[in-house]
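Since the structure comes first, as structure tokens, the remarks are kept for the end.
Taken together, the values in this text are just the output of simple stated rules run on the coordinates, not laboratory data. This structure is a prediction, so every number in the text was calculated from the model and none was measured. Cβ placement follows ideal geometry from the backbone for every residue including glycine, while neighbour counts extend to all protein chains displayed.
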Amino acid sequence: MALVTNITKSINIPSEDESVVIRKLSHVQLKEASKARQSEGVAFMREMGGELLKALREGDTEKVKKIQNAQEADITNYDRDVLLRYGVLSWSYEVRPIVEVGINGLDQLDEPTAKFIAEEIFKFSRPETTEEAKNA
């Protein structure tokens, strides 16, 4: 599938009678979410972990490549708000997810629900790791 236009699915919110329609994100939208996450600076570097920093220092390009490939498919490298903003099309809650003026429903989600929806959008949209592509 080359285009993600109009690729959607409906998910049910755990422990609720609510549902959300999410869309598959494009490479540009995923890139924006990744860049937004990286801009958080020091926190991002901490999440990259000592293993990657050590591999960079040692010039172990094979190990660096392996770690980077694994991180491509890790939700912690993507900004949750960007994933939600691009990924939520509609939902069954009374407040609309995104509005021009007034209460933005996405901002009103509780932590577990925001996390769940973002994870579902990411699973639906994320790139395959090099290893997954080889095994397909």
Exercise. If the chain between T76 and L56 were fully stretched, how many nm would it gain, using 0.36 nm times the residue separation less the Cα-Cα distance?
Worked result: 5.2 nm
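Loop-only trypsin sites (Lys or Arg not before Pro) in the range 84-136, please: DSSP not H, G, I, E or B, and at most 12 other Cβ atoms within 10 Å.
The qualifying sites: there are none.
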Problem set entry | Sites N104 and E131, calculated FRET efficiency, Cβ-Cβ separation with R0 35 Å, nearest 0.05 | 0.40
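So what's the range 93-136 giving for Cα Rg divided by 2.2 N^0.38 Å, two decimals? It would help to have the intermediate numbers written out before the result.
Numbers: Rg = 15.6 Å, N = 44, 2.2 N^0.38 = 9.3 Å.
Normalised Rg, Cα atoms only: 1.68.
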Exercise. Once amide H atoms are placed 1.01 Å from N in the peptide plane, what residues at a sequence separation of 5 or more from S90, or on another chain, have their amide H within under 5 Å of its amide H?
Worked result: V21
